[in-house]
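Report on the structure given below.
The values are calculated or read from the model by the stated rules, or taken from the named source; none is laboratory data. Here the structure is a predicted model, which means the values were calculated and not measured. Cβ placement follows ideal geometry from the backbone for every residue including glycine, while neighbour counts extend to all protein chains displayed. Areas reflect the complete protein model, heavy atoms only, side chains present, ligands, DNA and RNA absent. Shrake-Rupley method; radii C 1.70, N 1.55, O 1.52, S 1.80 Å.
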Amino acid sequence: MHILIEFLRTELKAAADPKKAKEMQAYMKTTQRFYGVQAPVRKQSFKKARSQFEISSFGEYQSVIKTLWNGESREEMYQALEVAGYFHKFRRNAMDLFEELLESASNWDTVDWIAGQLVSQLLRENRIHEQKLRKWRESDNFWMRRASVLAHLHHKNETNLELLSETIVLLMHEEEFFIRKAIGWILRDYSRFDPNWVNDFVKKNHDGLSGLSRREALKRINRGS
C-alpha cells in the first residue's frame with residue numbers, strides 16, 4: 001500500500017470524533033462509516049501528506065485514488081478526491097477514472113465534487129471530453145445525469161452554450177429533485193457572467209423548467225448581484 005494512504009488513514013484515526021461521526025452520517029443520510037473528521041482537519045492532514053509523499057506515475061495516482069475511494073469511511077472518499085485534484089499533472093488523463101468514480105458515487109457530496117471541480121476543469125482544458133457528457137445525460141443513473149449538467153460549472157465565457165442548452169432541455173422535464181436543482185444551479189452560476197442570456201433562456205423555456213429550476217436560476221439576477 002502506498003505510504004500516502006497509510007499516512008492519511010492514520011491521521012483520520014487519530015482525529016476521529018464519534019459524536020461528530022454520528023452527526024455527519026445523519027446529515028448525509030447514509031449508513032456509510034464516518035470518522036467524524038471535519039473538512040479543516042482533513043485538509044490539514046492532506047496538506048501534511050502531500051508535502052512529504054510524492055506520486056510519481058499515473059498508475060500510482062490511479063491506485064491511490066481507487067484505494068482511498070473504496071475505503072470504509074466517507075472521509076477516505078473525500079481524500080481520494082483531494083488527491084485527484086492536487087496532483088494535476090496526472091489529472092489530464094483521468095477522465096475515465098473520474099467517470100468510474102461517478103458511476104459508483106451515491107450522493108451529492110462526491111458527485112458534485114467530481115463533476116463541478118475535477119471534470120469541469122478537464123473540460124475547459126480539452127473539449128473532446130464533452131462526448132462523455134452526452135453519454136451521461138442519457139444514463140439511467142440520475143447522479144450521472146446531474147453530473148452532465150454540473151460539469152459546466154465555472155466555465156464563464158468558455159461555456160459551451162449549445163451543449164448546455166441541449167442538455168437542460170433534455171432533462172428539464174424530470175421530476176427528480178437533484179436534476180431540477182442542478183439545472184437551477186448551473187444557470188445561476190452562468191448568470192454571473194451573462195445574466196441576459198440566462199434571463200432569456202428561462203423565459204423561453206418557462207413552461208418546461210420546474211419552478212425550482214427557475215427560482216434557482218434567477219436568484220442572482222433578481223437580487224441584482
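Of the GluC sites (Glu not before Pro) found in the range 48-123, those that fall in a DSSP loop while having at most 15 other beta-carbon atoms within 10 Å are Glu54, Glu72. The 1.4 Å probe gives accessible areas that order His206, His173, His129, largest first, as His173, His206, His129.
The spread of Cα positions in the chain, taken along each principal axis and listed from longest to shortest, comes to 54, 39, 35 Å.
Could you tell me which of rounded, prolate or oblate describes the range 105-145, using a ≥ b ≥ c as the square roots of the eigenvalues of the alpha-carbon gyration tensor, with rounded for a/c under 1.5 and, failing that, prolate when a/b is larger than b/c and oblate otherwise? Oblate, because a/c is 1.5 or more while a/b does not exceed b/c. As a fraction of the 1.4 Å probe accessible area of the chain, surface on carbon and sulfur atoms comes out at 47 percent. Once all protein chains are placed together, Glu130 keeps about 20 Å² accessible to a 1.4 angstrom probe.
For Arg33, nonlocal amide neighbours, meaning residues 5 or more places apart or on other chains whose placed amide H falls under 5 Å from its own, are Arg74. Take every Cα pair under 8 Å whose residues are at least 6 apart in sequence, average their separation, divide by the length of the chain, and the relative contact order is 12 percent. Relative to the current alpha-carbon distance between Glu166 and Arg92, full extension at 0.36 nm per residue lengthens the span by 24.1 nm. Taking every protein chain into account, the 1.4 Å probe leaves Tyr78 with about 30 Å² of accessible area, to the nearest ten. Of all segments of the chain bounded by trypsin sites (Lys or Arg not before Pro) found in a DSSP loop with no more than 16 other C-beta atoms within 10 Å, the longest spans 93-191.
Heavy-atom accessible surface of Trp69, to the nearest 10 Å², is about 10 Å², with a 1.4 Å probe and all protein chains retained.
Cβ-Cβ distance of Ile128 and Lys22, R₀ of 45 Å, FRET efficiency by 1/(1 + (r/R0)^6): the value works out to about 0.55. The lysines within cross-link reach of Lys135, meaning a Cα-to-Cα straight distance under 22 Å and a gap of 8 or more places when in the same chain, are Lys181.
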